[in-house]
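Please treat every number below as a calculation from the coordinates, not as lab data. Since this is a predicted model, take the numbers as computed values, not measurements. Note: ideal-geometry Cβ built from the backbone for every residue, glycine included; neighbour counts use all protein chains shown.
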Amino acid sequence: MDGTAVVVTGLGLVTPAGIGVASSWERVLAGKPTATRIPELSQLPVDFACPVPNFDAAALLSRRTAWRLDRYVQFALVAAREAIQDADLHPGTWEGTRVAIVIGTGIGGAGTTETQYSNLRDLGPHKISPLALPMALPNMAAGQLAIELAATGPNLGVNTACASGATAIGVARDLLRAGTVDIALAGGTEAVITPYYVSAFARMGALSTRHPLETASRPFDTARDGFVMAEGAGMVVLETARHAHDRRARIHAHLLGYGASADAHHVTSPDPEGRGAEQAIRAALADAGVSPNDIDHVNAHGTSTPLNDITEAQVIHRVLGTGPAVTSTKGTTGHSLGAAGAIESIYTILAVQHSLIPPTANLHEPGPGIEVDLVTGEPRRRKITAALNNSFGFGGHNAALIMST
């Protein structure tokens, strides 16, 4: 058995498409958008987003646990519990020093920060909660998960903007390959549907203003005008193949390759030639030991923004040709920033598992210059030998992951 092989044994999701892997996957396969109006945003230029529906933290985590955690940590904890249960692991009995936690987030505790700043402004410094920092810091999802799971191995918070979730999975894979740990919980989480962050993205011109709002997130479509803000978390349990084999674990997929790069071009716009994205994809292919012809499916970053989608489509065409079936699940879920790469990695794994590729919601006419095989309308059944998931972020961060059966 290859001592460096890494496998996925557990999956957990909290997304706008549903809480739990099964419900989220079902809605993504249906291609049913999740955008809805948000009362707290009613006075803003953009008043809609893709929230996690019916998320009752007190019921899911207990009231005692929920009140001291920011929403982004609550999401992470719920998704992590599902992933650990799915992997049939029992933290009370494992060797904690051999377990890593690697969690990505783009922003961290946005809701807590905004609430506590309002308290400072309106009521004075004595009304700031003593839990303000422990709730809001971007490393606290990883820290709280370590406490929850008695995981005393490497504990890392990763921030590569909208690539954070995918980067976290790649970093965790490297820890496993190096022999540092036997098990890693990795993923991304984000909860930034707040007045400040929605306003900030709107001022940049990054958000869609399209109505009806259900049609606003439309990756690769000729009428795309920006992304729709979302939230959620995706968590995977990774293990060395040897460890998973020894405990007779069910294997969802093999994590074959990881590639990362920087555009070194602009803080918000992608390199117009897509050189950084191409570098990450080619690095993932080389790491996986597969050729471009082996990639049957791409879950694209596909944000529904004019620049990202055309650049990514051209890179996919240049590197992989027209062979792979391409989708962007953000048409359904919106863009959950630092959580997106992890959530979409799980959708990629599920596509590999089920030989079924979700459609890109709201995609009716591909934009000019987009010359890839886009999945639209309904799921496409296809045997998938290997699949690629792309994630790109502000600052020019790029990450690519390759999964196989």
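Phi angles of segment 149-158 translate, via the Karplus equation with coefficients 6.51, -1.76, 1.60 and θ = phi - 60°, into HN-Hα couplings of 9, 6, 9, 10, x, x, 10, 10, x, 10 Hz per residue; Gly and Pro are given as x. Amide H to amide H distances under 5 Å link F48 with I38, where only residues 5 or more positions off or on other chains count and H is placed in the peptide plane.
Its alpha carbons give segment 258-404 an Rg and a Dmax of 13.6, 38 Å. Highest average first, the peptides 154-164, 296-306, 195-205, 7-17 ordered by how many other beta carbon atoms sit within 10 Å of their residues are 7-17, 296-306, 154-164, 195-205.
The packing ranking, built from the mean of other Cβ atoms within 10 Å per residue, places the peptides 345-353, 114-122 in the order 345-353, 114-122, highest first.
Taking the Cβ of each residue in H265, H90, H252 as the centre, tally the other Cβ atoms inside 10 Å and list the residues starting with the fewest. The partial results should precede the final answer.
Details: H265 15, H90 9, H252 23.
Exposure proxy ranking, most exposed first: H90, H265, H252.
Here segment 7-246 is assigned +1 on the Cβ of each Lys and Arg and -1 on the Cβ of each Asp and Glu. Its dipole about the Cα centre then comes out at about 380 debye.
Dividing the convex hull volume of the alpha carbon atoms of segment 7-246 by its residue count gives 139 Å³ per residue. In sequence order, segment 372-384 has phi-based couplings of 10, 7, 8, 8, 9, x, 8, x, 10, 7, 7, 5, 10 Hz under the Karplus curve 6.51 cos²θ - 1.76 cosθ + 1.60, θ = phi - 60°, and Gly or Pro positions carry x.
Computed over every Cα-Cα pair of the chain and binned at 10 Å starting from 0, the pair-distance distribution P(r) comes out as 5, 25, 35, 24, 9, 1, 0 percent.
A straight line joining the Cα centroids of segment 386-404 and segment 30-88 runs 24 Å. Comparing A253, A283, F201 along the charge dipole axis of segment 196-317, the residue lying farthest to the positive side is A253, per the Cβ-charge model. Taking other Cβ atoms within 10 Å as a rough exposure proxy, V6, V326, V28 sort from fewest to most as V6, V326, V28. Only lysines eight or more places from K32 in sequence, or on another chain, were considered; those with a Cα closer than 25 Å are K330, K383.
Cα centroid separation, segment 288-345 to segment 122-190: 25 Å.
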